[in-house]
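All remarks here apply to the structure that follows.
The values are calculated or read from the model by the stated rules, or taken from the named source; none is laboratory data. Here the structure is a predicted model, which means the values were calculated and not measured. Neighbour counts are summed over all protein chains in view; Cβ atoms, including those assigned to glycine, are modelled from backbone coordinates with ideal geometry.
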Amino acid sequence: MSIVIDNMTKSFGGTPVLRGIDLTVESGELVALQGPSGSGKTTLLKIVAGLEWPDAGALDVHGTDWLRLAAQDRRIGFVFQHYALFPHMSVRDNIAFGLTVRPRASRPGKAQIAAKVDELLQFLQIAHLGDRYPAQLSGGQRQRVALGRALAIEPSVLLLDEPFGALDAAVRRDLRAWLRNVHEETGSTTIFVTHDQEEAFELADRVVVMGDGRIEQIGNADQIHDHPASPFVARFMGATVELPVTLHAGRAEAAGLDAGRLPRRAQPDGPATLFLRPADITPVADPHGRWHVARCDSNGAALRIDLTDGATTIPVDLPRRAPEARGLERGARVLLRAEAGALFAAPRRAQPAPAVRTEYPKEKAV
Amino acid sequence: MSHRPIKPKRVLPGFSLSLGTTLLYVALVILLPVIALVLKGAEIGPGQFWSIVTAPRTLSALRVTVTAALVATIFNAFYGLLMAWVLTRYEFPGKRILDALMDVPFALPTAVAGISLTALYSANGWFGAPLQAAGIELVYTLGGVMLAMAFTSTPFVVRAIQPVLEDLDPALEQAAMTLGARPFAIFRRVVLPAILPAWLAGSTVAFARSLGEFGAVVFIAGNLPFKTEIAALLAYIRLEEYDYQGAAAIALVLLAFALILLVVSNLLQFRAARHLEASA
């Protein structure tokens, strides 16, 4: 089931949450919607589910206009962030719910429903929990039940809202691998919302990065990591260091900066901003360097170094055993070597809050 | 260094003082009268107790009370549910006023309620006149007793369900929607089970209150023996006649009713909320 979203907008009481979303999800694809809170990702997911309605735009699933269908008629599996299991029903009854509420004519027989529930309990590896109530389950077990309940109706599309948001790290990793398997075995088109980058990149075929009601970039982990489409994505992907540079013959130049390792790029000369991740900066000892070490902490594996030129302080992450780490003491003078980074032409001036669709300067990144 | 045992400091001091005060209050104000009543009843002796309670007038009063309370409670159970639903699920102008109005039966002295109801529904009252024309008489009939009981016990149901409905996670209903459940199925299978314990509790308290309602009923009922005389009034009449034993016997029956109701209500609630116990 392919999902085509076209120019979708939505506002809540005058505040725009979606400002024109175009997105196509191919049949059988696993797509992650990612972005900071308030970026509109959950709203978009709920619109696909039929739990919210857009102000304008189109939602077409496998040739059907879903905006004419109620949530009940879309046959989707929706997994809620806090599971939303029915507390007064056993695990079995929860999973069977979607089958038992069907109109009599299309409802499977009791034995058939029981068999389906058994099969799902096996598949989800929670066969021993069938007779428990949700209050008696751990978070990870509840999440499995929630997914089982969604899968029981054999949904055309599976939608998950922050599926692992409320779980601890170990359970998360476990369930992530497991969800990937479930997706591969059921082959259903799946969209999930997350604010966890690791989760998005590890699970999804494609990641959609959203910011402030717009899609900023669509791609896989490497593309988004190495070639952020906008300063927003660069920052979101952890490039917290922003250095003002001058572009000269495709190279970034600034005092105390060695950008020789960055490829030349076809961008006009002029002022620009270089976005760097702390781990992509190597301090190189230089007695006349512009920067000096203000602080250097070790966590055993890596050094967290604060470099300053008196006015700005930038953080740098360096493996403790890297050759450059030797002799990096407080006060040591260094210059910065950029290992990787993204360049964007400097904005002419601060942009006012956009009322209509405006773009971040989208000059080509590295 | 001394080796006195360490006493943890409480945030609020005076546990023994506050518990002592509450227990003393419960003993004096709640338990003592009940015990006195039971003791008074015990003096009567089973034979006489039985003959008082099975006297035609007593039986009739008990029947009137229980029937009217039952009808009033059934009405309130549904009306209260509807009211709580409207107050929690919809936004409309005047909602806060309506919400505040729900407390009027609590706040109003019951005698005032009884007098107002009588005035409204009497043959020449605002409501009574058209009803009379339609052949319905409420004042001085069993219907009037039910009306007065329903009026005074409405808030119990509304106020019991309201907080539960407000706290009900909207995701539950959304989940049911995505699973294909139609509105009626969502209500019956998701919402109703969630509010059932509170609904039962509210209705039981409303019933207990109706059984004992006195002030509002006596004005509108006309208090005709064998017709509209309620048990609480009969007990009062016996007291006036210095027939303490008769009064105590009738009061004991009402007390037994109330206790049984409370036990049944708690059992039902416990059953309905069983699944919330987080025991593996």
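Check the range A:345-354 and report whether any residue there is farther than 27 Å from A:Asp212 by Cβ and at pLDDT 80 or above. No; the residues of the range A:345-354 include none that is farther than 27 Å from A:Asp212 by Cβ and at pLDDT 80 or above.
For every residue, the table says whether it meets (1) small (Gly, Ala, Ser); (2) more than 27 Å from B:Lys227 (Cβ to Cβ); (3) loosely packed, with under 12 Cβ neighbours inside 10 Å; (4) touching a Gly at 6+ places or on another chain (Cβ under 8 Å).
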| site | (1), (2), (3), (4) |
| --- | --- |
| B:Gly20 | yes, yes, yes, no |
| B:Leu23 | no, yes, yes, no |
| B:Ala27 | yes, yes, yes, no |
| B:Ile30 | no, yes, yes, no |
| B:Pro46 | no, yes, yes, no |
| B:Val64 | no, no, no, no |
| B:Thr73 | no, no, no, no |
| B:Gly80 | yes, yes, no, yes |
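Just name the residue that is nearest to the chain's Cα centre (by Cα) out of those in the range B:83-100 that are of a type in the set (A, V, I, L, M, F, W, C) and surrounded by fewer than 12 Cβ atoms within 10 Å (Cβ to Cβ). Talk me through it step by step, then tell me what you get.
In the first step, residues of the range B:83-100 are kept if they are of a type in the set (A, V, I, L, M, F, W, C); the result is B:83-87, B:92, B:97-98, B:100.
Those left that are additionally surrounded by fewer than 12 Cβ atoms within 10 Å (Cβ to Cβ): B:92, B:97, B:100.
Working: B:Phe92: 29, B:Ile97: 23, B:Ala100: 19 Å.
Among those that are of a type in the set (A, V, I, L, M, F, W, C) and surrounded by fewer than 12 Cβ atoms within 10 Å (Cβ to Cβ), it is B:Ala100.
Please tell me if A:Ala111 is of a type in the set (A, V, I, L, M, F, W, C), closer than 25 Å to A:Ala169 by Cβ and surrounded by fewer than 20 Cβ atoms within 10 Å (Cβ to Cβ). Here the answer is no, as A:Ala111 does not meet what is asked. Whether a residue is in the same structural domain as A:Trp66 (by TED's automatic domain parsing), touching a helix residue (DSSP H, G or I) at 6+ places or on another chain (Cβ under 7 Å) and among the acidic types (Asp, Glu) was assessed, and A:Asp161 passes this test.
Could you tell me which of the residues B:Ala111, B:Ala107, B:Ala175 is at pLDDT 90 or above and either away from chain A (no Cβ under 14 Å) or out of contact with any Pro (no Cβ under 9 Å at 6 or more places or on another chain) (or both)?
When all the criteria are applied, what remains is B:Ala175.
Only residues that are among the small types (Gly, Ala, Ser) and exposed (fewer than 13 other Cβ atoms within 10 Å of the Cβ) were counted across the range B:32-44, and they come to 2. Just one of (1) in contact (Cβ under 8 Å) with a residue 12 or more places away in the chain; (2) away from chain B (no Cβ under 14 Å); (3) on the phi < 0 side of the Ramachandran plot fails for A:Val48. It is (2). With respect to B:Leu261, is the statement that it is surrounded by fewer than 20 Cβ atoms within 10 Å (Cβ to Cβ), within 14 Å of chain A (Cβ to nearest Cβ) and part of a helix (DSSP H, G or I) true? No: the conditions fail for B:Leu261.
Those strands (runs of 3 or more DSSP E) of the range A:1-80 in which 2 or more residues are surrounded by fewer than 22 Cβ atoms within 10 Å (Cβ to Cβ) and touching a strand residue (DSSP E or B) at 6+ places or on another chain (Cβ under 8 Å) occupy A:3-12, A:15-25, A:56-61. Which of the residues that make up the range A:152-184 are over 17 Å from A:Val31 (Cβ atoms) and either buried (at least 22 other Cβ atoms within 10 Å of the Cβ) or not hydrophobic (A, V, I, L, M, F, W, C) (or both)? Result: A:Ala152, A:Glu154, A:Gly165, A:Asp168, A:Arg172, A:Arg173, A:Asp174, A:Asn181. B:Gly246 meets the conditions (1) more than 9 Å from every other protein chain (Cβ to nearest Cβ); (2) closer than 25 Å to B:Thr152 by Cα; (3) in contact (Cβ under 8 Å) with a residue 40 or more places away in the chain in every case but one. The failed one is (2). Using the structure shown, decide if A:Thr282 is without any contact (Cβ under 8 Å) to a residue 12 or more places away in the chain and out of contact with any Phe, Trp or Tyr (no Cβ under 6 Å at 6 or more places or on another chain). So A:Thr282 fails the test.
Conditions tested, residue by residue: (1) of a type in the set (Phe, Trp, Tyr); (2) outside the structural domain of B:Leu261 (by TED's automatic domain parsing); (3) in contact (Cβ under 8 Å) with a residue 12 or more places away in the chain; (4) part of a helix (DSSP H, G or I).
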| site | (1), (2), (3), (4) |
| --- | --- |
| B:Ile35 | no, yes, no, yes |
| B:Phe49 | yes, no, yes, yes |
| B:Ile52 | no, no, yes, yes |
| B:Ala61 | no, no, yes, yes |
| B:Ile74 | no, no, no, yes |
| B:Gly80 | no, no, yes, yes |
| B:Pro105 | no, no, yes, yes |
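Tallying residues that are closer than 30 Å to A:Ala301 by Cα and in contact with a Lys or Arg (Cβ under 8 Å, 6 or more places away or on another chain) within the range A:261-277 yields 3. So for the range B:116-132 (the condition being among the aromatic types (Phe, Trp, Tyr) and within 17 Å of B:Asn76 (Cβ to Cβ)), does at least one residue qualify? No. Applying the criterion of at least 2 residues that are of a type outside the set (A, V, I, L, M, F, W, C) and either out of contact with any His (no Cβ under 8 Å at 6 or more places or on another chain) or surrounded by 12 or more Cβ atoms within 10 Å (Cβ to Cβ) (or both) to the strands (runs of 3 or more DSSP E) found wholly in the range A:277-353 leaves A:281-285, A:291-298, A:302-308, A:313-319, A:333-338.
Of all residues in the range B:133-172, those being free of Cβ contacts under 8 Å to residues at least 24 places away in the same chain and within 14 Å of chain A (Cβ to nearest Cβ) number 5. Every condition in (1) at pLDDT 85 or above; (2) farther than 30 Å from A:Arg320 by Cα; (3) surrounded by 14 or more Cβ atoms within 10 Å (Cβ to Cβ); (4) not assigned by TED's automatic domain parsing to the domain that holds A:Val25 is met by A:Gly250 except one, and the failing one is (1).
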